[in-house]
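The values are calculated or read from the model by the stated rules, or taken from the named source; none is laboratory data. Worth saying up front: this structure is predicted, and the values here are computed from it rather than measured. Positions of Cβ are backbone-derived with ideal geometry, glycine not excepted, and every protein chain shown enters the neighbour counts.
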Amino acid sequence: MNDSVIRGIVVLMFFLNSCEAQQKEQTIVTIQTNCNRTVYGSLMYIKLLPSYICIPDGFVIDDYVRVSDLGKDGKINFLAVKYNKKEDDQIDGDLTYWAFYERSKSADIFSLKTTLSNIVPPYIEDISYEYLLAHPVAEKLFKSYPLRLSHSLSFQVDTDTIRLSYKFDDSYGKSFVFTYKQNNWYLENVEYFFGELPMYWWKDDDFFYSLNEKLKVIETRKPQKRVSISDFDLKVAFKYREEEQNHLAEWHIDTIDKTKWKSIDDVVFTRCHGMDLPEDWLY
């Protein structure tokens, strides 16, 4: 092969590599230019969000991105990002979404695994009696779904466990513990809690209810049905909330011996058998 042919091949290879590099650069620029990463709140929400992950147009991220090491091997391989319409633009019944991303042990890029619209109660503009009475859609949602908790308490992930928490009212609530098995999240436990209390609960004479930013598990039960997180139904989960709430108050909180305990943090609850739930109670 003579020198002129070799020089021609080298020039051709340089030209092809340059074109490929330009195409890659252009692709990256296009993705970043059209990528919706709008934040409603703090930019810290997306500190852990890779630059190539975007949310649909018309939505905003208003919560911290959650990450976890599913394989417990020191590598972050699970990521969850929450998005919804800006609160000022929402109407009763609008949904909030959690997008789950995963990557294998050998991969560098996260891929979308699933998008869930069933794990956050639908939006209700106002839960006051007057508003609900004047807005039938809101009233129906209020009767069918639980109340939302704060960002930090409503969705917690630790390695292979996700805990979703909701409230009956301003004092009692229910958490659903999902574990990662066979490439999916399955419900393993149901926890009843007391917490995220309004100010009037914080102190009762010499007994302290120091649970304004945390939850105190009162009782744990096993679900009657093994359900994946994508099949989880909040209306089913809170179908018997009145019976559950009454049980928690009557059998637990109202019976605390305040001469033995000085704070709700110290109380050790034991499971009672006074909650007679219907046969079709699932979780």
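For first residues located in the stretch 166-189 and without any contact (Cβ under 8 Å) to a residue 40 or more places away in the chain, partners that are of a type outside the set (S, T, Y) and surrounded by fewer than 14 Cβ atoms within 10 Å (Cβ to Cβ) and lie 6+ apart or on another chain with Cβ distances below 6 Å form the pairs D170/P198. Only residues that are in a helix (DSSP H, G or I) and in contact with a strand residue (DSSP E or B) (Cβ under 8 Å, 6 or more places away or on another chain) were counted across the stretch 227-246, and they come to 5. Among the conditions (1) modelled with pLDDT under 90; (2) not in a helix (DSSP H, G or I), the only one that Y186 does not satisfy is (1). Mind checking which residues of the stretch 219-237 are surrounded by 17 or more Cβ atoms within 10 Å (Cβ to Cβ) and either closer than 15 Å to T179 by Cα or more than 19 Å from the chain's Cα centre (by Cα) (or both)? Residues satisfying the conditions are E219, P223, V227, I229, F232. Scanning the stretch 225-249 for residues that are free of Cβ contacts under 8 Å to residues at least 60 places away in the same chain, polar (S, T, N, Q) and under 21 Å from T96 (Cβ atoms) returns a single hit, S228. Among the residues of the stretch 81-95, is any on the phi > 0 side of the Ramachandran plot, assigned by TED's automatic domain parsing to the domain that holds L49, surrounded by fewer than 18 Cβ atoms within 10 Å (Cβ to Cβ) and touching a residue at least 24 places away in the same chain (Cβ under 8 Å)? Within the stretch 81-95 (the criterion being on the phi > 0 side of the Ramachandran plot, assigned by TED's automatic domain parsing to the domain that holds L49, surrounded by fewer than 18 Cβ atoms within 10 Å (Cβ to Cβ) and touching a residue at least 24 places away in the same chain (Cβ under 8 Å)), the answer is yes, since at least one residue qualifies. Considering the stretch 136-165, and only residues there that are touching a residue at least 24 places away in the same chain (Cβ under 8 Å), over 15 Å from the mean Cα position of the chain (by Cα) and buried (at least 17 other Cβ atoms within 10 Å of the Cβ), the residue that is nearest to Y64 (Cα to Cα) turns out to be Y145.
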